Every structure is written in C-alpha cells, then in structure tokens.
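Enquirer: Structure in structure tokens, see below.
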Amino acid sequence: MRYAYVSAATDGVLMAYQDPQAELLDVLDASGEPTGEVKARAAVHRDGDWHRCFHLWIVRDDGYVLVQRRSRHKDVEPNKIDTTVGGHFASGETLHHVVREVEEEIGLTVPADDLSYLETRRLERYYPELTDREFQDVYVLRQQQPLEHYLPHQFELTALYEAPLVRLIDLYERGVSLPVAGWDGYGRRNDSLLSASDVIEHDREQMAETLKKVQAWLEMHLRLEQR
C-alpha cells in the first residue's frame, strides 16, 4: 500500500510515500471482467467503477483469526475492524504481486502459493463522497506464530487483534461484544473490547458468512490431517 503523506521523523529521517489515490487500477465490468480501462484509484472511487481487491484471513489451528483495525487515515471506513490483510490489485497485477500487501501491512513474508483461495465477494458500498464497488478475492492462510511476532505497519492499521472465530462471527451477526488481545506497530500491547460499532455496517452480513467459510475451511483441513 502507498501512503498519502510524509511520516514523522524516525531517528531524524523523514519517510516519503507515494499518494495511494494515484495508484492505477484496472476498471472491471459488473461481471468482474477487465474493460481495458485503467484509472487512478481516486477516480475509480469517485466514479464508482468496479475493481479488484485482495483479502487475506490468517487463522491458527486453535481457532483464532487475526483481525486488523483499519488506520484512521483510510478514505473508506477508517478505524473499523476488517480482514487480516487487504489491498487493491494495481493495474496488471496478479496474486504473486499483490501478496506483497501481507509484508507491508503486518511484516509477514509469505509466498503466494501458500495461500488458499476461499471465494470472490462482490461488494458495493455507498458513501457521501465516493462509491466503492469491489470484487474481493478472499484467501486463507494457516499461520501459528504468536500475535507479538507480527509487525503491523502503523500507517496501515492501528492494531492487529486475535479473536476466536466463533465469537467473531457472533460479533458480526448479533453485535455480541468481544474482548481481544492486540498488538500495534510500535511493538506494544493494544488490547480492545470490540463491539457492534467497530464493524463495517455495509459489510456486516457478508463478513459473517465469509468467516463461517473460513471456520469450515479450517475444520476441514484439521480433520483431513487427523486421518
């Protein structure tokens, strides 16, 4: 992901980043096929064009899933909880390119071949200043390392949480509050009590269904390994 600002000084060095709104995306039609048109991300959101995104859920064998709290700098749904890693496919990119988002957001280097495809979600969200129409390619990764071994990027997300899948589904379906352990980009504990106000309301029902598929996927793989 590219950033729209210059970071605070770190050891006297300013880190400059490319404006994410200038990132070029492939415009898709309503069935998800490329139209051949390429536009800047800002124009895609302004015009409500369909485009493709990457979502990854990281799950542990004990039934916990990693959830991010989106950065307050995001132009869409700042400070809300979301999939472990998410990002846009830039123009011409494949999974082998966009998997870079995993390292950029949470400091984990993972080959694209280690990811398991789960589904593609078709999602429309309407806001006063933009319309977000996405085809979200959703993947799953089993990863056992502890929460504190991740390196969340402080400009990408506020914190990374670990949550039991069953209870996270309850949060999305019924608004049942959920205490979670958290870890932020400064290497600090950042625990939270997640509530209904933390979820993306436009995506609440679909996200619950996706999480059920993640749960079923994990249970299937664990059963196969026990045979």
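The values are calculated or read from the model by the stated rules, or taken from the named source; none is laboratory data. Please read these numbers as outputs of a predicted model, since none were measured by experiment. Cβ atoms come from the backbone with ideal geometry, glycine included; neighbour counts cover every protein chain shown.
Enquirer: Can you tell me which residue within region 200-227, out of those that are of a type in the set (A, V, I, L, M) and farther than 20 Å from residue 69 by Cα, is surrounded by the most Cβ atoms within 10 Å (Cβ to Cβ)? Spell out the reasoning first.
Expert: Of all residues in region 200-227, those of a type in the set (A, V, I, L, M) come to 200, 207-208, 211, 214, 216, 218, 220, 222, 224.
Among the residues that remain, those that are also farther than 20 Å from residue 69 by Cα are: 216, 218, 220, 222, 224.
On the way: 216: 11, 218: 20, 220: 10, 222: 12, 224: 8.
Result: 218.
Enquirer: Report, by residue number, each residue of region 27-63 that is within 20 Å of residue 200 (Cα to Cα) and assigned to a strand (DSSP E or B).
Expert: 50, 51, 52, 53, 54, 55, 56, 57, 58
Enquirer: Another question, then. Looking only at region 117-132, count every residue that is farther than 12 Å from residue 52 by Cβ and either assigned to a strand (DSSP E or B) or among the hydroxyl-bearing types (Ser, Thr, Tyr) (or both) and tell me the total.
Expert: Step one: list which residues in region 117-132 are farther than 12 Å from residue 52 by Cβ, which gives 117-119, 124-132.
Filter again for either assigned to a strand (DSSP E or B) or among the hydroxyl-bearing types (Ser, Thr, Tyr) (or both), leaving 117-119, 124-127, 131-132.
The qualifying residues number 9.
Enquirer: So, in region 1-48, of the ones that are acidic (Asp, Glu) and surrounded by fewer than 20 Cβ atoms within 10 Å (Cβ to Cβ), which residue ends up modelled with the lowest pLDDT? Working first, answer last.
Expert: So the first thing to find is which residues in region 1-48 are acidic (Asp, Glu), and the list is 11, 19, 23, 26, 29, 33, 37, 47.
If we keep only those that are surrounded by fewer than 20 Cβ atoms within 10 Å (Cβ to Cβ) as well, we get 11, 19, 23, 29, 33, 37, 47.
Values: 11: 41, 19: 73, 23: 91, 29: 98, 33: 97, 37: 98, 47: 96.
Filtering first and then ranking leaves 11.
Enquirer: For region 182-198, give me each residue that is closer than 24 Å to residue 209 by Cα, over 18 Å from the mean Cα position of the chain (by Cα) and part of a strand (DSSP E or B).
Expert: Listed by number, the residues that qualify are 192, 193.
Enquirer: Suppose we filter region 156-178 for residues that are touching a residue at least 60 places away in the same chain (Cβ under 8 Å) and either crowded, with 17+ Cβ neighbours inside 10 Å or assigned to a strand (DSSP E or B) (or both); how many remain?
Expert: Here the count works out to 11.
Enquirer: Further question: Among (1) in contact with a helix residue (DSSP H, G or I) (Cβ under 8 Å, 6 or more places away or on another chain); (2) at pLDDT below 95; (3) within 29 Å of residue 181 (Cβ to Cβ); (4) loosely packed, with under 15 Cβ neighbours inside 10 Å, which single condition is residue 61 missing?
Expert: Against the list (1) in contact with a helix residue (DSSP H, G or I) (Cβ under 8 Å, 6 or more places away or on another chain); (2) at pLDDT below 95; (3) within 29 Å of residue 181 (Cβ to Cβ); (4) loosely packed, with under 15 Cβ neighbours inside 10 Å, residue 61 comes up short only on (2).
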